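The values are calculated or read from the model by the stated rules, or taken from the named source; none is laboratory data. Bear in mind that the values here come from a model prediction, so they are computed numbers and not experimental data. As a convention, Cβ positions derive from the backbone with ideal geometry for all residues, glycine included, and neighbour counts pool all protein chains shown.
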Amino acid sequence: MDRPMIYALHENPEWFTVFADALDAEGLPWVEWQLLDGTLDLDEAPPEGIFWSRISASSHTRDHALTKDYSRAVLSWLEAHGRRTVNGRRVLELEMSKVDQLTALRAAGIDVPRTVAAVGRDRVVEAARRFTDAVPGPFVTKHNQGGKGLGVLRFEAVDDLADHVASADYAEPVDGITLVQEYVTAADGGITRVEIVGGEMIYAVRGDTERGGFQLCPADACEIDPTTGRPVMPPGATVQMAPDDATSLFSLRAGYDDPVVERYLRFTRDHGVEIAGVENIRTADGRVLTYDVNTNTNYNAGVESTAPASGPREIARFLGRLLRESYPDA
């Protein structure tokens, strides 16, 4: 038998360097498998090893339109042959659909924002009218398959949304599903992201919504405009960053022990999610609303420098344990 390896399935090299370094630092055998396009011989057996999926819902924004379905095929093939996957086939569907996430969270007793889903451009305004009948006030739209704040816009009234949907500025969601969701203001000007690896919380992160708005990707590559080299000016920010502001949008939430953490740990165990960043917002009226489950979580270098543990190193150690448990004689 060839030596079993850790196979890292992903599509974005910019997000992978820190994980490659962590796997090397742990002395682990690993292979990078970018799922962009290719062939898959269903009559062949997969190689032996542990297969870690880091497939992102935003892959189509990097011209990787085939990645989602290629990943579905590969994960189905692997699991049919009994290979150990981490964030496998079922988890991929959670990553790709906020409707899937929100309904699963609600079923688990975790509070989520009031949401109406519109299938098709012609149904978006109808969904907003239905939504505002129940929840008056401003609201946001977002893409069901998203990431990086895709399609997240705030509207004060349905007529404003109707003008936008009729305009050339309207961005069609890749899966045709738009969410209309309640707009909430964070009680302390920030969201919380709970980082989970192997059934344990590693640490919690604060994301600054006042300066970060709706785009709160923690990866260092997300914070800098590749053209200008300056901090990104995200939509939805209520406090505008100065052009030369290099202050990170993310900081460690030391000692975060909200009761919602135990619910997240139970939720991820029940759904086979082994690596994730789960995001919530504490509202001014005291609710804790969970709105996103990131199963291809990224880490922020500034936070990592002050955190009690390293996210990438904990992932590498977790994968290493699985490899040794699955192949004790290798």
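Polar (S, T, N, Q) and either in a strand (DSSP E or B) or modelled with pLDDT under 95 (or both) - does that describe any residue in the stretch 228-235? It would help to see each step written out before you state the result.
Going through the stretch 228-235, the residues polar (S, T, N, Q) turn out to be 228.
This time we only want the ones that are either in a strand (DSSP E or B) or modelled with pLDDT under 95 (or both), so: 228.
Scanning the stretch 228-235 turns up at least one residue that is polar (S, T, N, Q) and either in a strand (DSSP E or B) or modelled with pLDDT under 95 (or both).
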Query raised in the report: If Leu150 satisfies every condition in (1) among the aliphatic types (A, V, I, L, M); (2) within 19 Å of Ser59 (Cβ to Cβ); (3) more than 25 Å from the chain's Cα centre (by Cα) but one, which is the exception?
Result: (3)
**Report entry** Checklist (1) surrounded by fewer than 18 Cβ atoms within 10 Å (Cβ to Cβ); (2) outside the structural domain of His64 (by TED's automatic domain parsing); (3) of a type outside the set (Asp, Glu) applied to Gly82, failing item
**Finding:** (2)
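Considering each residue of the stretch 16-29, count those that are in a helix (DSSP H, G or I), touching a residue at least 12 places away in the same chain (Cβ under 8 Å) and among the acidic types (Asp, Glu), and give that number.
Kept after step one, since they are in a helix (DSSP H, G or I), are these residues of the stretch 16-29: 17-25.
Retained after the next criterion (residues that are touching a residue at least 12 places away in the same chain (Cβ under 8 Å)): 18-23, 25.
Now drop any that are not among the acidic types (Asp, Glu), which leaves 21.
Within the stretch 16-29, residues that are in a helix (DSSP H, G or I), touching a residue at least 12 places away in the same chain (Cβ under 8 Å) and among the acidic types (Asp, Glu) number 1.
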Requested in this report: Have a look at Ser59, Ser76 and point out the one that is polar (S, T, N, Q) and under 25 Å from Leu150 (Cβ atoms).
Outcome: Ser59
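Quick check, is Ala128 in contact with a strand residue (DSSP E or B) (Cβ under 7 Å, 6 or more places away or on another chain) and within 23 Å of Asp285 (Cβ to Cβ)? Give the steps one after another, and end with the answer.
Details: in contact with a strand residue (DSSP E or B) (Cβ under 7 Å, 6 or more places away or on another chain): yes; within 23 Å of Asp285 (Cβ to Cβ): yes.
For Ala128, the condition - in contact with a strand residue (DSSP E or B) (Cβ under 7 Å, 6 or more places away or on another chain) and within 23 Å of Asp285 (Cβ to Cβ) - is met.
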Report task. With the condition kept exactly as written, say whether any residue in the stretch 34-53 is surrounded by 14 or more Cβ atoms within 10 Å (Cβ to Cβ), among the β-branched types (Val, Ile, Thr) and closer than 24 Å to Gly149 by Cβ. Result -> no
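What tally of residues in the stretch 103-140 results from selecting those that are of a type in the set (Ser, Thr, Tyr) and more than 17 Å from the chain's Cα centre (by Cα)?
First, the residues of the stretch 103-140 that are of a type in the set (Ser, Thr, Tyr): 103, 115, 132.
Those still in the list that are more than 17 Å from the chain's Cα centre (by Cα) too: 115, 132.
Number satisfying all stated conditions: 2.
For every residue, the table says whether it meets (1) β-branched (Val, Ile, Thr); (2) at pLDDT below 95; (3) not in a loop (DSSP other than H, G, I, E, B).
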position	(1), (2), (3)
Asp2	no, yes, no
Leu9	no, no, yes
Glu14	no, yes, yes
Val31	yes, no, yes
Leu40	no, no, no
Pro47	no, no, no
Ile50	yes, no, yes
**Report entry** Long-range neighbours under 7 Å by Cβ, at least six apart or interchain, first residue farther than 14 Å from Val18 by Cα within the stretch 303-330, second among the charged types (D, E, K, R) and surrounded by fewer than 14 Cβ atoms within 10 Å (Cβ to Cβ)
**Finding:** Ala330/Arg3
Report task. Considering only residues that are in contact with a Ser or Thr (Cβ under 9 Å, 6 or more places away or on another chain) and aliphatic (A, V, I, L, M), look in the stretch 131-164 and name the one that is surrounded by the most Cβ atoms within 10 Å (Cβ to Cβ). Result -> Leu161
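Is it the case, given these coordinates, that Gly272 is outside any helix (DSSP H, G or I), more than 25 Å from Val99 (Cβ to Cβ) and among the small types (Gly, Ala, Ser)? Full working, then the answer.
On the way: outside any helix (DSSP H, G or I): yes; more than 25 Å from Val99 (Cβ to Cβ): no; among the small types (Gly, Ala, Ser): yes.
It is false that Gly272 is outside any helix (DSSP H, G or I), more than 25 Å from Val99 (Cβ to Cβ) and among the small types (Gly, Ala, Ser).
Scan the stretch 166-187 and tell me whether some residue there is under 29 Å from Val303 (Cβ atoms) and over 22 Å from the mean Cα position of the chain (by Cα).
Yes; the residues of the stretch 166-187 include at least one that is under 29 Å from Val303 (Cβ atoms) and over 22 Å from the mean Cα position of the chain (by Cα).
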Query raised in the report: For Gly176, which of the numbered conditions (1) in contact with a Gly (Cβ under 7 Å, 6 or more places away or on another chain); (2) under 28 Å from Arg253 (Cβ atoms) fails to hold?
Result: (2)
